[in-house]
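These notes concern the structure reproduced below.
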Amino acid sequence: MTTRRQFLQSGQALALAGLPLSSKQFSDFRLSETYSATNQTASLKDQAKQLGKMFGSAADRNILSQDSNYRKLLIEECSMITPENSMKWERIRPDYDRFFFDDADWLVDLAASHQMLVHGHNFVWHKQLPAWFDDKVTTGNMEKILVEHIETVAGRYAGRMHSWDVVNEVIAVEHGRPDGLRLTPWLEHLGPDHIELAFRTAAAADPHARLVYNEIGLEFNDDLSASKRSYVLDLLSGLLAKGTPVQALGIQAHLAADLPLDFKSLDRFLSDVAKLGLDVMITELDVSDQALPKDVGVRDRMVAETYRAFLDVVAAHEHVISITVWGLSDRYSWLTEFAPRDDGTPNRPLLLDGDLNRKLAWHAASEALTSASQQ
Ligand code: XIL
């Protein structure tokens, strides 16, 4: 077990407190007593269950159907899965008048046969839209296209989904609007009301799924995260005031081990979301090691400490109902493509290494869950 004292003496504690690590501190970074492999045998889903939470991972057919060892581990560790790509517009609707459900169906069936829940992702986003989208969509037809899309996809899986990311990443403070909204095709053609429209349409198409507003970049100790948190609270309270059916906030939690978190504000933010009557889902947790030194031991410790520190905060909140990682093993992280390291060495942002062995990060996550359940 990592004691609080050991943690506070560590380099990452300095980084997390907002103090930059000097290169000397990087090279002095030693946590030999910390996260020595525990003898924990329970799966993360069982440990999360003790806290009344689900533990999940992003997953998709292309990987799960080919890698049976990975599939087996994912089924052992997880009580929930999120399709990493297969329910996004570009995949599920390759042509305007043609949907492609095979991969999403496969995943939903796999989940059902292993008692895993499915968290759908997503209906309104500015990325991964299909190639036909820009040519086809006009101000005149966009509402119809969106409504028809949600009715078709949410309707197909109605009764089989735990929850849906209905709207993803619509706050972009840097775009300069007074309401903080991101400039997207949705906003351009439909105005801010497209957000409410998407939630109402999803609620009608699948009355049982929990409907989620999902956002990135809420966790850091900087002005941008702080103002994003406040715009998100305003957006959610505005939606609720209009009676919009939104039941949870999704916090993506794409963290980076060199970027300080803001624990106090995060803790307060979680409480503020609870006061609105909403649940919280941690939807896409990973910890980038892109900017860390080359030494794998140092990297693994800093990544582990970031998991531990973040999970210590979120695990303590009852209304955080799920913790989902964006992949289980470094063998398959999106960061390999999206945030490669300058030195060309493989990224190590997840809980299992490329050989599917538990890393310090796995033990750190496990310890955070265990110690929260002992509070
Ligand atoms: C990422 C996937 O992991 C990649 O495979 C894909 O190429 C790009 O998208 N926020 C989100 C997710 O909401 O959908 C993104 O997933 C990661 C950032």
Here, trypsin sites (Lys or Arg not before Pro) of segment 90-131 satisfying both criteria (DSSP loop; at most 11 other Cβ within 10 Å) are 127
What span do the alpha-carbon atoms of segment 254-329 cover on each of the three principal axes, reported in whole Å from largest to smallest? 44, 25, 16
Segment 193-288: mean projected area of Cα convex hull, nm²: 6.3 nm²
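With the convex hull built on the Cα atoms of segment 297-375, state its orientation-averaged projected area in nm².
On the way: hull surface 22.4 nm².
Average of the hull's projected areas for segment 297-375 equals 5.6 nm².
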The summed charge of the residue 252 Cβ neighbourhood (under 14 Å; Lys/Arg +1, Asp/Glu -1) stands at -4
Is the shape of segment 124-250 best called rounded, prolate or oblate, per the rule: a/c under 1.5 gives rounded, else a/b larger than b/c gives prolate, else oblate, with a ≥ b ≥ c the square roots of the Cα gyration tensor eigenvalues? oblate
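Taking all pairs of distinct Cα atoms, average 1/r, flip it, and tell me the Kirkwood hydrodynamic radius of segment 43-124 in Å to one decimal place.
For segment 43-124, the Kirkwood estimate is 13.3 Å.
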Once the in-chain neighbours fewer than 8 apart are removed, the lysines whose Cα is under 29 Å from residue 136 read 88, 127, 144
Taking 0.36 nm per residue of separation and subtracting the Cα-Cα distance, what length does fully extending residue 357 through residue 291 add? 21.5 nm
Taking just the alpha-carbon atoms of segment 50-208, what radius of gyration and Dmax come out, in angstrom? 16.7, 50
Provide the net charge surrounding residue 45, with neighbours chosen by a C-beta distance below 13 Å and charges set as Lys +1, Arg +1, Asp -1, Glu -1. -1
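Report the relative contact order of the chain, percent, no decimals, based on alpha-carbon pairs under 8 angstrom and at least 6 residues apart.
Relative CO of the chain lands at 17 percent.
Please report the net charge: other residues with Cβ closer than 14 Å to the Cβ of residue 348, K and R +1, D and E -1. Spell out each step's value before the answer.
On the way: positive: 294, 299, 301, 331, 341, 358, 359; negative: 258, 286, 289, 295, 300, 305, 330, 343, 353, 355.
Taking every Cβ under 14 Å from that of residue 348, the sum is -3.
Taking square-rooted eigenvalues a ≥ b ≥ c of the alpha carbon gyration tensor, is segment 155-216 rounded, prolate or oblate, where a/c under 1.5 means rounded and, failing that, a/b exceeding b/c means prolate?
Values: a/c = 3.31, a/b = 2.10, b/c = 1.57.
In terms of gyration-tensor shape, prolate.
Give me the percent of Cα-Cα pairs in segment 74-113 that sit more than 13 Å apart, rounded to a whole number. Write down the numbers at each step before the final one.
Values: 420 of 780 pairs.
Across segment 74-113, Cα pairs with separations above 13 Å total 54 percent.
State, as an integer percentage, the relative contact order of segment 191-276 based on alpha-carbon contacts under 8 Å between residues 6 or more apart.
Values: 75 pairs, mean separation 32.6, N = 86.
Contact order relative to length: 38 percent.
Are there DSSP H segments in the chain that both extend 24 Å or more along their axis (alpha-carbon positions) and score a mean Kyte-Doolittle hydropathy of at least 0.5? List them, or say none. Can you show the working numbers first?
On the way: long enough: 223-241 (27 Å, 0.54); 296-315 (27 Å, 0.43).
For the chain, where a helix must reach 24 Å along its axis and average at least 0.5, the hits are 223-241.
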Project the alpha carbons of segment 223-375 onto their principal axes and report the range along each, largest first, in whole Å. 50, 35, 25
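Can you bin the chain into rounded, prolate or oblate? Criterion: square roots of the alpha carbon gyration tensor eigenvalues sorted a ≥ b ≥ c, rounded for a/c under 1.5, prolate for a/b above b/c, oblate for the rest. Please list the in-between numbers first.
Numbers: a/c = 1.70, a/b = 1.45, b/c = 1.17.
Cα axes put the chain in the prolate bin.
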Largest fluctuation, 293, 346, 178 only, Gaussian network model of the chain with Cα springs under 10 angstrom, belongs to 178
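Coordinate-derived values only; no laboratory data. Note that this is a predicted model, so its numbers are computed, not measured. Reconstructed Cβ throughout: ideal geometry from the backbone, glycine too, with neighbour counts over all protein chains shown.
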